[in-house]
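Here the structure is laid out as structure tokens; the discussion comes afterwards.
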Amino acid sequence: MVVSEVDSRPVVRQGIGYYCQIGSDGRHIGGMLVTNSIGVPLEFKYTEPVTVSRLQKILYGMVLDRYLQETLLRECLARELSCDPEYFITDFEGKEYLGTLAGREMIAIQEVKSKPAGSPASRTRTRESIVEIEDGPMLRVAFSTSDEAVRQAVIGWLKGIAKTMDVLEPIERVKTALRTILADGRRR
């Protein structure tokens with residue numbers, strides 16, 4: 001698997017990591033973006049598009065998506081990462097594949113429109129919370145861990161970075177970049 005990169009800085013400690021994977025017409029690609037505390041890109045890496053054959057779909061069956069997400073794309077990118085983000089954020093569609101990435105916890109987030117009952121970090125489902133961001137949207141957060149201390153640390157971290165940037169917007173940047181790479185590959 002070939003990993004491509006756009007790296008504008010040397011090794012950085014404690015950035016904000018974003019991971020996304022998209023698929024289109026049987027082709028899949030993953031990408032990671034690490035930003036600073038205001039959302040400026042520090043590092044961007046992506047895999048070359050992977051095309052799944054009909055035979056692979058048959059042989060892998062129901063585990064194909066998990067294999068693509070966790071092994072083929074995510075682990076490959078993690079090995080190439082030079083920045084050291086505190087945590088990784090992904091879109092909520094990726095919540096089924098949460099785990100650790102480059103030794104860091106992953107969270108999946110999405111904006112919530114209605115006010116939850118209870119506290120600013122009220123529970124919804126197992127490993128999920130609704131987090132109220134000061135002067136910002138409420139976020140539904142899914143965690144890769146059931147460790148309550150880690151989850152509270154992640155919530156504190158998320159509230160902290162939300163004071164200086166829109167935590168959802170970089171996810172869209174990564175998705176747009178990956179769609180562009182897939183589209184450019186089709187034109188060749």
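What follows is calculated from the coordinates using simple rules that are stated; it is not laboratory data. Values in this document were obtained by computation on a predicted structure and should not be read as measured data. Ideal geometry is used to build each Cβ from the backbone, glycine not excepted, and the neighbour counts take in all protein chains shown.
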Open item on the list: Just to be sure I understand, if you calculate Rg and Dmax of the Cα atoms in Å for this structure, which of (1) 16.7, 54; (2) 20.3, 77; (3) 29.2, 113 do you get?
Closed with: (1)
Open item on the list: Would region 52-118 count as rounded, prolate or oblate if I go by the C-alpha gyration tensor, calling it rounded below 1.5 in a/c and otherwise prolate when a/b exceeds b/c, oblate otherwise?
Closed with: oblate
Open item on the list: Give the lysines reachable from Lys113 as a straight Cα distance under 21 Å; neighbours fewer than 8 places away on the same chain don't count.
Closed with: Lys95, Lys159, Lys163
Task: Between 0 and 90°, nearest 10: helix 169-187 axis offset from the chain longest Cα axis - done: 10
Task: Simple label model, 7 Å out from Cα along Cβ direction - Gln56 to Glu111, nm - done: 3.5
Task: Helix-only [θ]222 nm of the chain, DSSP H runs n ≥ 4, -39500 (n - 2.57) each, per residue, nearest 500 - done: -7500 deg cm²/dmol
- [ ] Please work out the Cα center distance from region 94-108 to region 22-46, rounded to the nearest Å.
- [x] 14
Task: Simple label model, 7 Å out from Cα along Cβ direction - Thr180 to Ser146, nm - done: 4.2
